[in-house]
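The values are calculated or read from the model by the stated rules, or taken from the named source; none is laboratory data. What you see is a predicted model, and the numbers here were worked out from it, not measured in a lab. A quick note on method: Cβ atoms are made from the backbone with ideal geometry, for glycine too, and the neighbour counts reach across all protein chains shown.
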Amino acid sequence: MPTPDLLDTSVADARAIFRAAVRRVQADRLLESTDPDAWAPRPLDHYDGIRVVGLGKAAMAMMGAVEQVLGDTMTGGCAIVPEGYPEHLPAACPAPTIGTVVEGGHPLPTQAGVRGAECIVEQAEAAGADELLLVLVSGGGTALGTLPAGDLELPDLTRTYHLLLRSGASVHQMNAVRKHLTRLGGGQLARAAAPADVGGLVVSDVVGDDMSVIASGPTVPDPSTYEDAMHMLYVHDLWTEVPAPVRTYLSAGARGRRPETPGSGADCFDRTNNTLLGSNQTALAAAREAAEARGYEVQHVSGNVEGEARSVGKSHAEAMLQEDPDVPTCWLWGGETTVTVTGDGKGGRNQEVALGAALELEDASRPTVVLSGGTDGIDGPTDAAGAWATPMTTEKARNADCPPKDYLRRNDAYPLFDTINQLLRPGPTHTNVMDVHVGLSLPDDVQS
C-alpha cells in the first residue's frame, strides 16, 4: 500500500491541477484574449447602444468583465445565475454595476428565474435596429432562463426537467425537449431581438462544443424539431410520465399548429454573430501546463469523455494501472458523464466517477490518485464539485462503516466521501466547461 505522505502529496498536486484548469476558463481570463470588435456583426463603436444579457453559471462574471470593456456604451442588462452565486463571485472577477443580476433555479427552474427570463426577453424586444444585444451564454442557462412557452406553466416544466435529469439522457437529448417548451432556447432569443444585431459570447459545457446545445442555444439556429422532442421522450419511456400539458404542447407543434424554433434559414441569423470563448479543451490545456510545471509527464489527454459515471471511473483507473511509469505521470480527461439514478442516495456524477475509480484502485501498490470535478464547482445537488480516490479510499470507507459497493448501488457517494474527507469543495466558480478528471501516478521506486 502506498505511504500516506506520498498520497497526500499526489492529492495536493491533483487539486492544484484542477484549480489551474478552472482559473483559465473564468470570465476575465477568457475575455482578455479576445478582440471586442469580433464580439458582434459590426465593430462595437457602430452601435447607438449595447444591451447585455446573460444566462448561465458564468453570466454574472461575464457581465462584469464585459462592462469593463464597454463602459458607458452598455445601456442596460440582466444576468441570471444560480441561487447564492452573487455572494461567491471570485475576487479576480469584477462585479457588474449596470443592469440586474437575478438568482434563478438550477438544475430545476424557479419563478425567480422565470422573472429573469422575462427581463431578458424585454431587453431583446426593446433593442432597436442600431443597437446590439450582447448575449452571454454558459452552462446551466437552460434551467436558469426557463420561460414557459404558450400556455405551459412552471410546474409542468419543473416536473419534466426532473424526469429528464433522472433518465440518463444526454444533454443533447434533454435540450431538444427543453428548447421546445420555452421561449429563449433554440434561437428564439435572436428572433425576439430582430431587427437589432445580436452577438453571442459562448462558454461551452457540452462535448463537441455544439452551440445549439449550450444553454439550449438562444442565439443559434436550432436543428431539432418538435418531433425530435417527442421521440426523445418516447425512447426514454417518459412520454406518459411528463405532464399532460407538455404532451399536448409538443403534439400540437409536431402537427404544425405551433411555430417551430428558428432554423438555419431564419432571417434573424443574418445579423447574429456567435463566438466560442472557451471550452473543456481550454481547461485541459491549462491542466496540462500545471501538471508539467509540477514535474509530471502527461501521458494522455482526452476531451470526449461520456458514459455512465461509475463505469468511466473504473475505466480511468484500469487505464492507469495497466501502465508502469518510471516517472511521475499524469492522465487528463474532460467531458461530462451521466448517472442513471436507481437509488435514493445523495451525490453527483463526479463523485460517482471517483467512487467507481476507488473500487478499481483498492489493490494498487503505487501512489495513485483519480480526481473528478465539475468546473462549475457544483456536482449534482451537493455543495461539492466532486471527489478524489486513492488506493486507500475503500479501506478508509469500510473503517468508517461506509461499504463502498453499497453506497455506489444507492447513488450515495456524497456521504461516503464526506465522512472520509475526500470531497472537492471549491465553491461556485462562476464558469462551466463540463468536468475535468485528473489521474496521477508515481513510479514504484519513488517510495524507496
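At-a-glance table
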{"quantity": "So residue 270, is it modelled with pLDDT of 95 or more, within 30 Å of residue 33 (Cβ to Cβ) and surrounded by fewer than 16 Cβ atoms within 10 Å (Cβ to Cβ)", "calculated": "yes"}
{"quantity": "Cross-chain or 6+ apart pairs with Cβ under 6 Å, the stretch 81-93 first and closer than 13 Å to residue 22 by Cβ, then hydroxyl-bearing (Ser, Thr, Tyr) and in a loop (DSSP other than H, G, I, E, B)", "calculated": "none"}
{"quantity": "Count of the stretch 408-445 residues which are assigned to a loop (DSSP other than H, G, I, E, B), touching a residue at least 40 places away in the same chain (Cβ under 8 Å) and closer than 22 Å to residue 18 by Cβ", "calculated": "12"}
{"quantity": "Hits in the stretch 334-348 (condition: over 18 Å from residue 139 (Cβ atoms) and in contact with a His (Cβ under 8 Å, 6 or more places away or on another chain))", "calculated": "none"}
{"quantity": "Residue satisfying all of: in the stretch 80-103; touching a Leu at 6+ places or on another chain (Cβ under 8 Å) and buried (at least 16 other Cβ atoms within 10 Å of the Cβ); farthest from residue 122 (Cα to Cα) among these", "calculated": "82"}
{"quantity": "Condition check for residue 98: among the β-branched types (Val, Ile, Thr) and assigned to a strand (DSSP E or B)", "calculated": "no"}
{"quantity": "Among residues of the stretch 376-407, those that are free of Cβ contacts under 8 Å to residues at least 24 places away in the same chain, assigned to a helix (DSSP H, G or I) and farther than 19 Å from residue 2 by Cα, counted", "calculated": "1"}
{"quantity": "Residue under evaluation residue 373, criteria (1) in a loop (DSSP other than H, G, I, E, B); (2) of a type outside the set (Val, Ile, Thr); (3) at pLDDT 95 or above, criterion not met", "calculated": "(1)"}
